[in-house]
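Structure first, commentary second.
The values are calculated or read from the model by the stated rules, or taken from the named source; none is laboratory data. This structure is a prediction, so every number in the text was calculated from the model and none was measured. As a convention, Cβ positions derive from the backbone with ideal geometry for all residues, glycine included, and neighbour counts pool all protein chains shown. Ligands, DNA and RNA are excluded from the accessible area calculation, which covers all protein heavy atoms including side chains. Shrake-Rupley method; radii C 1.70, N 1.55, O 1.52, S 1.80 Å.
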Amino acid sequence: MMNQFSKPLSLAFAVASCFSTSVFAQSNELQPQVIITAGRQPQVAKDVLADNVVISSEQILRSGATSIVDLLAQQRGIEISRTGGAGSVSSVFIRGAANSQSVVFVDGVRIGSSTTGGATWSSIPLSQIERIEIVYGPLSSLYGADAIGGVIQLFTKKSGAQSRTSLSAGIGSHHLRKVEIGIFGSSASNFQYSLNTAKESSDGFSASKPGAGAFTYNADNDGYTQKSFNGNLAWKLTPELTAGVNFVQSTLDVNFDAGPSYNDRGQQKFDNVATFVKGKLASNWNSSLQFSRNTDRVYTDASYGKGQADTAQRGWTWQNDVNFGRDVLQIVVEDREEDVRTNTVGLNGKRDTQSYALGYTLKQDGHLASISARLDDSSQYGRHSTGGIAYGYKLNDALRVNASYGTSFRAPTFNELYYPGFGVASNRPELGKNKEVGVYYDDNVLQFSAVYYQNKITDLLVSTNPCPVEVSTHRYGCAFNVNKATLSGLTLGASVRLGTWDLRSSVDIQDPQDDTTGKRLARRAKRHASFGMDYRFADLTLGLESLVSGERFDDAANRNRLAGYGILNFIAKYPLSADWSLLARWNNLTNKDYELARNYRTPGSNFFLGLSYGAK
């Protein structure tokens, strides 16, 4: 495994050695990135104290990725697991935190399942996403429960200043077919609109391997069909007041394996609606009010029976940002209701969380600082307060050092509280305490970051057998607050533009450990990395990207080993005209056989060819 990892690692250091000041002078400057999620307000990314990544619409288009999970897997600090191909059950681990220990937003609306916890990634269509922001570290003091590992926010496609129409179509391996059409525009009366619809389907491949056993393995192909739609309407009512609505909907029909004698299938529906009004209450006071609704619906028809689990989240957020020069005082009041409806007796229910948050961001000369505090009051698990403090100092315009400390918590899911024979109603939230230090360099040409973090989690909810309580009804174990964990590691990231070359790399050296058992947390590697390069020759852009990972274990006891792997992808993009462009992607060039979950297949060597018009 060391040889497998050492070659890409050597490449990373070779790339880093090229980052000399003599090269900077020959490079074209990149535009500074702006990020919203890190402080709930637009900020230049290089001035944000939390480690972050912004994936722009251009980067999404250029990547040729066919799913959000595949795109996220290339980012630093992120690992994934998946039980088959696109459309199958997927998890995203940020800095070693579980899928349920990070929060996902779409256009400012929190999404996810209250039964299993975390986002249902396969139901979110990449075709409707324009931009992605990733913020690492505890953000419960800004966003409340579950923001232990980080926050990912997805922004749907919206209109710009000019009207346009976009079309795209593509084909690929396993009879993959994609088509998308969108219209974007604005009027002289300060009205903007965008509508985008897409359909994607694939015959797929068998998700499971024979080793999965007689109650799982099925040799049939597990395909999927996804239909999605999103829109944005915005009115500028006065020079200081804007109102609008964002909405996105997706339906995914997917096949999976649960034995050889039945056509196991499922349907996932994702609906997201947000209405908002924002404006100035004074020259230095910006205020916004948003009402939202998100539904996460999962239906399965399998050999072991039929099941349904629906989560509806309704809420409102009132945010006020008051500027004092370059400093910002932020006041946030929120209310979120979770409504769970399933066909499992005893699992249905509601909980309501009222939240109050206060934050202050300071920018004075070379000094950057932020402090935030939040109180979440739940009708189910009671009150929890969290806080965060960070300080950074700019040694010059490009180089910054900083340190931070923050607390966080994860609310127990409805399954961990109420699932018959498993849940325990008295389970408490998990608690996190994170400290980190970092060095950042960004001169708009070269970007480099090195961050060390240590996140201590107590009252970790795990499945334990025998169950410490309710022995008569929990004969096979239960969810209970019995463990502690430490998520620690060093994350390195770099990117640079050298004339016609764009180079990027990241390396994660981490130790996600269950402190109670001394074992590594399931499906997390101690080392993983990604590397990429793009070369522009006239109008043609050629790219290579590599993803490597060390060994992992598929179970909490660390008995079932998942071997390390390395895959290499090739991308080519060519503009046929000012509006038309052609993109080709060849994934897993060497046809590497690897697993992200034990006895589940991953795609072998596969291709995608796409044609697009008016894509931005």
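Just the Kirkwood number for segment 38-147, please: inverse of mean 1/r across all distinct Cα pairs, in Å, one decimal.
Computed over segment 38-147, the radius equals 14.7 Å.
I'd like the Karplus ³J(HN,Hα) series for segment 133-144: coefficients 6.51, -1.76, 1.60, θ = phi - 60°, whole numbers in Hz, and an x wherever there's a Gly or Pro.
In residue order, the calculated couplings are 10, 10, 10, 9, x, x, 10, 5, 5, 9, 10, x Hz.
So what J values fall out for segment 244-250 if you push phi through Karplus, 6.51 cos²θ - 1.76 cosθ + 1.60 with θ = phi - 60°, rounded to Hz, Gly and Pro as x?
Using θ = phi - 60°, the values come out as x, 9, 10, 8, 8, 9, 8 Hz.
For F324, F608, give me the order by solvent-accessible area with a 1.4 Å probe, most accessible first, ignoring ligands, DNA and RNA.
Order by accessible area, largest first: F324, F608.
Mean separation of Cα pairs under 8 Å and 6+ residues apart, divided by the residue count of segment 249-353: what relative contact order is that in percent? Provide the component values of the computation, followed by the final result.
Working: 241 pairs, mean separation 20.8, N = 105.
Relative CO of segment 249-353 lands at 20 percent.
Considering the convex hull of the alpha carbon atoms of segment 241-366, report its projected area averaged over all viewing directions, in nm², one decimal.
Mean shadow area of the hull around the Cα atoms is 11.7 nm².
Mind sorting out which of (i) 1.01; (ii) 1.07; (iii) 0.94 is the real Rg/Rh (Cα atoms, Kirkwood Rh) computed from the coordinates?
Among (i) 1.01; (ii) 1.07; (iii) 0.94, the one derived from this structure is (iii).
Could you report segment 99-161's accessible area per residue, 1.4 Å probe, as an integer in Å²?
16 Å²
Which whole-number percent gives the relative contact order of segment 141-277, counting Cα pairs below 8 Å spaced six or more residues apart?
18 percent
Using only the heavy atoms of the protein chains and a 1.4 Å probe, how would D203, D459, D514 rank by accessible area, largest first? Kindly include the intermediate steps, with their values, before the conclusion.
Working: D203 75, D459 40, D514 15 Å².
Heavy-atom accessible area, descending, gives D203, D459, D514.
Between D220 and H174, how many nm apart are label points set 7 Å from Cα along the C-beta direction?
Here the modelled spin labels are 1.6 nm apart.
So what is the relative contact order for the chain, in percent, with contacts set as C-alpha pairs under 8 Å and at least six apart?
Values: 1773 pairs, mean separation 76.2, N = 616.
This gives 12 percent for the chain.
Keeping the other protein chains in place, figure out the carbon and sulfur percent of the accessible area of the chain, with a 1.4 Å probe.
57 percent
Arrange the peptides 83-94, 502-513, 425-436 so that the one whose residues have, on average, the most other Cβ atoms within 10 Å appears first.
Going from most to least packed, we get 83-94, 502-513, 425-436.
For segment 71-111, take the alpha-carbon Rg, divide it by the Kirkwood Rh, and send me Rg/Rh.
0.98
For a Förster distance of 25 Å, can you work out the FRET efficiency between the beta-carbons of Y476 and Q380, rounded to the nearest 0.05?
Details: r = 25 Å, r/R0 = 0.99.
The calculated FRET efficiency here is 0.50.
Quick one: Cα centre-to-centre distance for segment 203-233 and segment 334-358, in angstrom?
Measuring centre to centre over Cα atoms gives 30 Å.
Quick one: accessible area per residue over segment 400-461, 1.4 Å probe, rounded to a whole number of Å²? Mind showing how you got there, number by number?
Working: 2260 Å² over 62 residues.
In whole numbers, segment 400-461 has 37 Å² accessible per residue.
Sort L596, L609 by accessible area with a 1.4 Å probe, largest first.
From most accessible down to least: L609, L596.
Calculate one ³J(HN,Hα) per residue across segment 403-409 by plugging θ = phi - 60° into the Karplus curve 6.51 cos²θ - 1.76 cosθ + 1.60, and present them in order as whole Hz with x for glycine and proline.
Going residue by residue, I get 9, 8, 9, x, 10, 7, 7 Hz, with x marking Gly and Pro.
In the full protein assembly as shown, how much of W316 is accessible to a 1.4 Å probe, in Å² to the nearest 10?
Surface open to solvent at W316 totals about 90 Å².
Out of all DSSP beta bridges in segment 89-157, what portion is antiparallel? Express it as a percent rounded to 5.
Rounded to the nearest five, the antiparallel share is 70 percent.
At S189 and A538, where each label point lies 7 Å from the Cα along Cα→Cβ, what is the point-to-point distance in nanometres?
Here the answer is 4.9 nm between the modelled labels.
Using a 1.4 Å probe on the protein heavy atoms only, what accessible surface does V445 show? Give it in Å² to the nearest 10.
10 Å²
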